[in-house]
Amino acid sequence: MTGPAEAAEGTLLRLYHGGPAAAAALDALCRADPAAAALAADWDRQDAALRALYAPLGEAPVPDRLRAVLSAPAPAPRPALRRVAAAFALAAAAAATGVAAGWIAAGRGEEGAAYRFAEDALRAHAVFAADADRPVELPAGDPGLAAWLSARTGLALTPPDLGSAGFALQGGRIVPAGDGAAAMLLYDGGGGTRLSLFLAPAPEGADASAWADATAPGLRAVTWAAGGILCTVAGDLPEAELRRIARLALGQLG
């Protein structure tokens, strides 16, 4: 509990550092209370000693080694040539099946909301896909699954069938994505292998933007836009396998 002496010192300290607006009140307090005046004078001596000790540092020139760091140009962004080549290959495959899609660029900072969506998807997959007891809110056999996900996202959603790729739908849930909600569909490939498909309304202009993918430790996500839907497939799978599944889902969503 704060005692009277501590409370008085706290008031004095606030006035002492209160600037010109508190100068009159500080002066009045010191005139009325000799102990307060003595304490303020002691603080004045301490401040003067600190200024005398450190003033030369403020006047010293910046060392050359620090100037070099401050004046060095920012490093150029690393090219993502491998991702670009893979994206063109996937886009070509989509075109061959008559599917139109816009791939979302993966470079951080280049695509804003789309890359953040991929990051949200990777985090959600890491949390829920590892849950052995309740990874989904509604199971695949629930007749209300598609309607519930559609109502929460504002999209007309039908979970893609990934059976030909060896993955069976387990169910779905709603997860946060940016400022809204995304549908997360969880698929099981047996042997502990799971992947997730995330669906949300695409940002304006996404259908006309470029491709891409994103990564996290032990995980990869492929993200694209098709038919006004922003989509991410995430999982701990080889790149080629994940892209093959992405094409399969894309063919049913586009």
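Just to confirm a number: summing +1 for Lys and Arg and -1 for Asp and Glu over residues other than Glu137 whose beta-carbon lies under 12 angstrom from that of Glu137, what do you get?
On the way: positive: Arg134, Arg152, Arg173; negative: Asp131, Asp142.
Value of the local net charge: +1.
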Inset, instruction - Give, as a single signed number, the net charge of other residues whose beta carbon lies under 15 Å from the beta carbon of Ala124, with Lys and Arg counted +1 and Asp and Glu -1. - result: +2
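Below 11 angstrom from the Cβ of Leu250, what's the summed charge of the other residues (Lys, Arg +1; Asp, Glu -1)?
Numbers: positive: Arg243, Arg244, Arg247; negative: none.
So the environment of Leu250 carries a net charge of +3.
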Inset, instruction - Per residue of segment 23-40, in order, report the coupling 6.51 cos²θ - 1.76 cosθ + 1.60 (Karplus, θ = phi - 60°) as ³J(HN,Hα) in whole Hz, putting x for Gly and Pro. - result: 5, 5, 5, 5, 5, 5, 5, 5, 5, 7, 10, x, 5, 5, 4, 5, 5, 5
Legend entry - Asp64 paired with Ala25, simple spin-label distance in nm, labels 7 Å along Cα-to-beta-carbon: 5.2
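By count of other Cβ within 10 Å, fewest leading, how are Asp47, Asp120 ordered? Each step should come with its number before you reach the end.
Values: Asp47 11, Asp120 21.
Least crowded to most crowded, the residues run Asp47, Asp120.
Give me Leu12, Leu50 sorted ascending by neighbouring Cβ count inside 10 Å, so fewest comes first. Provide the component values of the computation, followed by the final result.
Working: Leu12 20, Leu50 10.
Fewest to most other Cβ atoms nearby, the residues stand as Leu50, Leu12.
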Legend entry - Packing-based ranking, highest mean first, of 169-179, 143-153 given that Cβ atoms within 10 Å are counted: 169-179, 143-153
Legend entry - Arg194 long-range amide H proximity, modeled H, under 5 Å: Gly189, Asp236
Legend entry - Rounded to whole Hz, the Karplus (6.51, -1.76, 1.60) HN-Hα couplings of segment 151-167, x for glycine and proline: 5, 6, 9, x, 10, 8, 10, 10, x, x, 8, 9, x, 5, 9, x, 10
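Laboratory data are not the source of any read-out in this text; all were calculated from the coordinates shown. Just so you know, these numbers come straight off a predicted model, no measurement behind them. Here Cβ is always computed from backbone atoms with ideal geometry, including for glycine, and neighbour counts include all displayed protein chains.
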